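Remarks on the structure that follows.
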Amino acid sequence: MLTYSLAHWMAFLSTAVLLNLSPGPDLAFILGQTARHGRRGGVAAMLGVWSGAGLHVAMAALGLSAILATSALAFSLVKWVGAAYLVWLGLQALLARTGAAESPPTGVAPGARTIYRQGILVSLLNPKVAVFFLAFLPQFVEPAAGPAGLQLAFHGLLIIAVAAVIEPPLVLAGAGLAGALRGRRRLGTWLEKGLGMVFVALGVRLALSER
């Protein structure tokens, strides 16, 4: 059970690495919170995104993601809620008071629990992620390797495990860069506004996306 060939693992892991490195709302949120709140803020965002991805994996394994893939109403509803949420996050950054990005991080990142919950929502409210998991994971299901639901869950969790290898170094590097730039008021302000524009653009792109 759950025994695969070397070719299977090479194809899956290479795809999982490319998936985790591709730009999107999840990675933008993690790096954005790292820039704003330092390493602990980035870790909270990262854990939130992983939790949201875990829920997507569970839905794919249980077949619930098929509803988003087949129901135009369900897909559109989740899409518009997710787009509105990304735009709202972007407007928060755009309207943040000048200099907020330069405030040094304390022992606990400001609103770490809030950042964690936001990370879950950023991942969970992206219907394209659910549809992607539904289309991607079944390609690696092999009849002789065990129940399909178990294989879907196993490969989905491995994608999160790959993220656990790739994303922490990005958070550490981003926190170091943000720390080096901290105190440069004008640059920090532009960083905050740039982050806001990225989230607004991602929200608009999600709103205009099709299944």
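The values are calculated or read from the model by the stated rules, or taken from the named source; none is laboratory data. On a predicted model such as this, the values are computed, not experimentally measured, just so you know. Every residue, glycine among them, receives a Cβ derived from its backbone with ideal geometry; neighbour counts consider all protein chains shown. Ligands, DNA and RNA are stripped out before the accessible areas are found, and what is left, the full protein with its side chains, is counted by its heavy atoms. Shrake-Rupley method; radii C 1.70, N 1.55, O 1.52, S 1.80 Å.
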Report task. Please enumerate the residues belonging to the stretch 1-19 that are within 21 Å of Val57 (Cβ to Cβ), part of a helix (DSSP H, G or I) and at pLDDT 85 or above. Result -> His8, Trp9, Ala11, Phe12, Leu13, Ser14, Thr15, Ala16, Val17, Leu18
Query raised in the report: List the pairs whose first member sits in the stretch 124-145 and is more than 12 Å from Ala60 (Cβ to Cβ) and open to solvent by 50 Å² or more (accessible area, probe 1.4 Å), whose second member is part of a helix (DSSP H, G or I) and of a type in the set (Lys, Arg), and whose Cβ atoms are under 9 Å apart, counting only residues at least 6 apart or on separate chains?
Result: Lys128/Lys79
